[in-house]
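The values are calculated or read from the model by the stated rules, or taken from the named source; none is laboratory data. Every value quoted in this text rests on a predicted model; they were computed, and no experiment measured them. Backbone-built Cβ (ideal geometry, glycine too); neighbour counts: all protein chains shown. What goes into the accessible areas is simple: the full protein's heavy atoms, side chains included, and nothing from ligands, DNA or RNA. Shrake-Rupley method; radii C 1.70, N 1.55, O 1.52, S 1.80 Å.
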There are 4 protein chains.
Amino acid sequence: MTSLILTLTCPDKPGIVAALSSILAENGFNITESQQYSDMEHNRFFMRVACDGLLPQADLEAMLAPIRGAFNMQLQLYPADARLRVLILVSKFDHCLIDLIYRQQNGSLNMDIAAIASNHEIGRQWADNAQLPYHALGGKEAKAENEAKLTALIDRENIDLIVLARYMQVLTAEFVDRYGAQIINIHHSFLPSFKGAEPYSQAHARGVKLIGATAHFVTAELDEGPIITQGVEPVRHDMSVGAFIDVGRDTERRALARAVRLYTERRVFLNGGKTVIFD
Amino acid sequence: MTSLILTLTCPDKPGIVAALSSILAENGFNITESQQYSDMEHNRFFMRVACDGLLPQADLEAMLAPIRGAFNMQLQLYPADARLRVLILVSKFDHCLIDLIYRQQNGSLNMDIAAIASNHEIGRQWADNAQLPYHALGGKEAKAENEAKLTALIDRENIDLIVLARYMQVLTAEFVDRYGAQIINIHHSFLPSFKGAEPYSQAHARGVKLIGATAHFVTAELDEGPIITQGVEPVRHDMSVGAFIDVGRDTERRALARAVRLYTERRVFLNGGKTVIFD
Amino acid sequence: MTSLILTLTCPDKPGIVAALSSILAENGFNITESQQYSDMEHNRFFMRVACDGLLPQADLEAMLAPIRGAFNMQLQLYPADARLRVLILVSKFDHCLIDLIYRQQNGSLNMDIAAIASNHEIGRQWADNAQLPYHALGGKEAKAENEAKLTALIDRENIDLIVLARYMQVLTAEFVDRYGAQIINIHHSFLPSFKGAEPYSQAHARGVKLIGATAHFVTAELDEGPIITQGVEPVRHDMSVGAFIDVGRDTERRALARAVRLYTERRVFLNGGKTVIFD
Amino acid sequence: MTSLILTLTCPDKPGIVAALSSILAENGFNITESQQYSDMEHNRFFMRVACDGLLPQADLEAMLAPIRGAFNMQLQLYPADARLRVLILVSKFDHCLIDLIYRQQNGSLNMDIAAIASNHEIGRQWADNAQLPYHALGGKEAKAENEAKLTALIDRENIDLIVLARYMQVLTAEFVDRYGAQIINIHHSFLPSFKGAEPYSQAHARGVKLIGATAHFVTAELDEGPIITQGVEPVRHDMSVGAFIDVGRDTERRALARAVRLYTERRVFLNGGKTVIFD
């Protein structure tokens, strides 16, 4: 049995679903899950299909070639049980890292943590406990060196997804250009409020009654990338910035874990500055 | 242009989606929304499709006849813009009634309130304000007479959906047998907790920290019908039963309005004692 | 029996609670509810006390005079059952207005709606239905005239609280200076995100996954006033701006109703650009 | 400086707050936080006060002796920074254990984990990683032996709080009688729904749309103890029992951590079959 996830985007026009489902049907594939979206403003079509059949993936791939061209599709097929290879970057705060390791271990997240890299030592202990490879990075002044090291690591380890689990170094435009659609960051505010540094202090100064966290793709412009998930928690006037940070840890780890799950299940599509999420 | 909503359920087996989508494609229908679910435990398949085409509905209906039989489908086609005709029953508490009237008026709910019926006078003023037909019902002792009146009304007015918007009379088994899959009730607790009478008093006595509301289909067994939507709100030790009731009003009207919206959009399917919701 | 709410703020220093509670005790007042907060950053103390006794309010007031001076207190006493007199301003969207009227009628909000004023006709029907006085305002070009009319109305009707229930006219600095601490506005975004016009369009363009509403005091700087309550609801990529607006109505009316309830119960304190909320 | 938390409960009558606050004032104690509640149905008064002064705790204790007797108070004084000594019991599911360890380590919970005990080996690794004492318990057949071991441990280690972090053994009535008000359990359902075994399976069979978790004190009657905190998360028709369990882990660990925090801060009071929570 071949179980596949098919994702596609293309200019929207009539007949896409019919053409695709006919090919699947003719080749004995049964659709078990199907979601689609037409962005009428930008005339763009998005689809995610889970299907089972007997043909090997490569054969189905060949059968799909004609509609790929005809509709100008970006179409991918993935084995449904493929585990993504993930690189986690972390700086001084380890709550998101610990949470991702735990969720991977208990089977909530269908991924392999191929490596952990950090510009602080904090990640090392957790990597060791979980028997995962750890890579030390330099600080701000070693940005070029760090990114060269990461690029080599990403290539060597066939990394599918890079998770910035409270990684506090700004990445270069070159690095973001190359991997941006594979980099998920967790920002510790309810974007677009409180971009930049120390969002909890900003939120505290403004006197908000809810604080949030946002998981998003990374773009060259800081904290402006397409949003994948967001979460909030109530706060009160009598809570300090430190208390905000404490509450925020929960919100961050949940928003990030959800974004990572959606991504590993191929449920996240880029659509200009926004995302399409088939949850 | 013919815009349709197609709903179907049938025993699950390979080829359903392919067969359906082929017919839609061959007849020039473009799928704009599609959701499906296989209940593997009961081997039952559910699907909702929104599609646009040029053929009249009746012609498509004819083209679908063969697969209807082949797969033993319960298949319905509805014009996408069809407005359901709704009967609202209410007793002493009017918050759900008012909310439904308002949502219908501002266009949030794609329905026509064909009639309001009540065993208390409270509904009359709101019906009058909104220029909607009002029908007075008798009390507990007039159950047979009430249901005869309702049945006549339902038939005469071609009612699609009956909403028990805090209607406190228990319906007879005969009535429920006849209309149960078209009756949505709002129960003022987080079912299955606190079935029966005075759920807020029960919740208060138990000392819960969240109270809830449940919109569900009506079955012969009280408060045991398939659940459509549920909501909760936090409560505190220093709140009285009256304060619970006050908080609960918000939860009830939101849970009920959401259930009604889902139903009017043909997103709710019965599956034994449960529901499938394509939201 | 005299049931009172006492609110006070003053520079923080030791002995405030002791001094106050001694006077209450000596005069036979029993404290039934008590909350306090010390803002250590700004060295400011806030307190709300509910108490019952036999002395008339004026007598207790006199007994409190010495500590008022000694601690430089802003101290107010209110009969616990005093109903605030409220003026509601509204423009084209009536959901918040309707909700406030309903909550007032069912006893959720301890206030009297003394008047409704609007620069659109929409408020008139609801005012008439609820038998409340309605005052027509002019448009943007009549700002001076409108505010003169409102000022006269506020004075004549002894208005305690002005609620901008989706009132789309910007108030002058003079008006805000005079009444700002008595004006609650509902902004249809999760402030500080999406200040200014058409926040739902802004939120849609940014691709957020939660939309919000914020009830806040009005200051001369638009949408920068101290926040009282906030709420959010999830949204999806396939929702239009119109769908955001529809979801937003619920969030707005709940956030606003909660802010009004807190205010009428004397639970809201201004603290520079923030609020202290004793809920 | 002496920083204290004072908790008291007694029959409700006028003058309690006055008497207490006078003694605090006379002895130079400044109240920094104060909350109270009168249960009028059972004529019971509850209060929690945080205060700072210069007298040693024992001296204040002596000064309070007269009102203790006069009002028949259960009154306790605790140093504000006292760290509770906690015993965590766990069986096969380790998510709550891991979460509590992490929160203790990062300073969110003001407690010392004095010991971890388990009837499965799963706790040992985490205890070792965190360098915490681990105690192996026997299975169901060794209940008497287990509880003897636990009792000895509790006494020897001066345990203040026992956390059943998914401990699946039912405790004897004797054990519960002795320690019940110090035992917090996390039940993996929204009580009182789905008491007893396999609540997620029960919830799945009933087709609920929200699943929950409940942290509560342990009483002789299973899952009937006073509720401290509750949380819920939405679920969908297409989720398996396994998916419920996965979602539930998050809800459980958050509800339990919150209950533990409230308890360690002396914010939880027993009131018959309910709790008073001063949050």
Filtering the stretch C:99-110 down to residues that are touching a residue at least 40 places away in the same chain (Cβ under 8 Å) and farther than 22 Å from C:A181 by Cβ yields C:D99, C:R103, C:S108
Which one is farthest from C:H188 (Cα to Cα), of the residues in the stretch C:147-176 that are touching a residue at least 12 places away in the same chain (Cβ under 8 Å) and of a type in the set (D, E, K, R)?
C:E157
I'd like to know if the stretch A:146-166 contains one or more residues that are open to solvent by 40 Å² or more (accessible area, probe 1.4 Å) and at pLDDT below 95.
no
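Of the residues C:I162, C:I122, C:I228, C:I184, which is in contact with a helix residue (DSSP H, G or I) (Cβ under 9 Å, 6 or more places away or on another chain) and closer than 30 Å to A:H216 by Cβ? Talk me through it step by step, then tell me what you get.
Working: C:I162 fails: closer than 30 Å to A:H216 by Cβ; C:I122 fails: closer than 30 Å to A:H216 by Cβ; C:I184 fails: closer than 30 Å to A:H216 by Cβ.
From the options C:I162, C:I122, C:I228, C:I184, the qualifying one is C:I228.
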Pull up the stretch B:226-243, narrow it to residues that are of a type outside the set (V, I, T) and crowded, with 23+ Cβ neighbours inside 10 Å, then point me to the one that is nearest to the other protein chains (Cβ to nearest Cβ).
B:Q230
Candidates D:L8, D:L89, D:L24, D:L64 - the one that is open to solvent by less than 10 Å² (accessible area, probe 1.4 Å) and closer than 18 Å to D:D160 by Cβ
D:L89
Kindly indicate the residue of the stretch B:190-216 that is among the polar types (S, T, N, Q) and under 23 Å from the mean Cα position of the chain (by Cα) and also modelled with the lowest pLDDT among those meeting that condition.
B:S193
Among residues belonging to the stretch A:9-31 that are modelled with pLDDT of 90 or more and among the polar types (S, T, N, Q), point out the one that is farthest from C:D238 (Cα to Cα).
A:N27
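Take the stretch A:102-112 and flag every residue that is open to solvent by 10 Å² or more (accessible area, probe 1.4 Å) and more than 10 Å from every other protein chain (Cβ to nearest Cβ). Give the derivation first.
As a first pass, look at the stretch A:102-112 and keep what is open to solvent by 10 Å² or more (accessible area, probe 1.4 Å): A:102-108, A:110, A:112.
A:Q104, A:N110, A:D112 - these are the residues of the stretch A:102-112 that are open to solvent by 10 Å² or more (accessible area, probe 1.4 Å) and more than 10 Å from every other protein chain (Cβ to nearest Cβ).
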When the residues of the stretch C:263-279 are narrowed to those that are away from chain A (no Cβ under 11 Å) and not charged (D, E, K, R), which ends up nearest to C:I211 (Cα to Cα)?
C:Y263
D:D223, sole failed condition from (1) within 10 Å of chain B (Cβ to nearest Cβ); (2) farther than 15 Å from D:L89 by Cα:
(1)
Restricting to the stretch A:170-191, and then to whatever is in a loop (DSSP other than H, G, I, E, B) and open to solvent by 30 Å² or more (accessible area, probe 1.4 Å), can you tell me which residue is nearest to the other protein chains (Cβ to nearest Cβ)?
A:V170
How many residues of the stretch D:204-246 are in a loop (DSSP other than H, G, I, E, B) and not polar (S, T, N, Q)? The answer is 16
Top-ranked residue of the stretch D:192-203 - restricted to ones that are assigned to a helix (DSSP H, G or I) and within 10 Å of another protein chain (Cβ to nearest Cβ), ranked as least open to solvent (accessible area, probe 1.4 Å)
D:A203
Six or more apart or on different chains, Cβ atoms under 7 Å: show the pairs whose first residue is in the stretch A:117-129 and assigned to a loop (DSSP other than H, G, I, E, B) and whose second is modelled with pLDDT of 90 or more and open to solvent by less than 60 Å² (accessible area, probe 1.4 Å).
A:N119/A:S91; A:N119/A:L137; A:N119/A:G138; A:N119/A:Q169; A:H120/A:S91
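Identify all residues within the stretch D:185-231 that are of a type in the set (D, E, K, R) and touching a strand residue (DSSP E or B) at 6+ places or on another chain (Cβ under 9 Å); write none if there are none. I'd like the intermediate steps shown before the answer.
The initial filter retains those residues of the stretch D:185-231 that are of a type in the set (D, E, K, R), namely D:195, D:198, D:206, D:209, D:221, D:223-224.
D:K195, D:R206, D:K209, D:D223, D:E224, listed by residue number.
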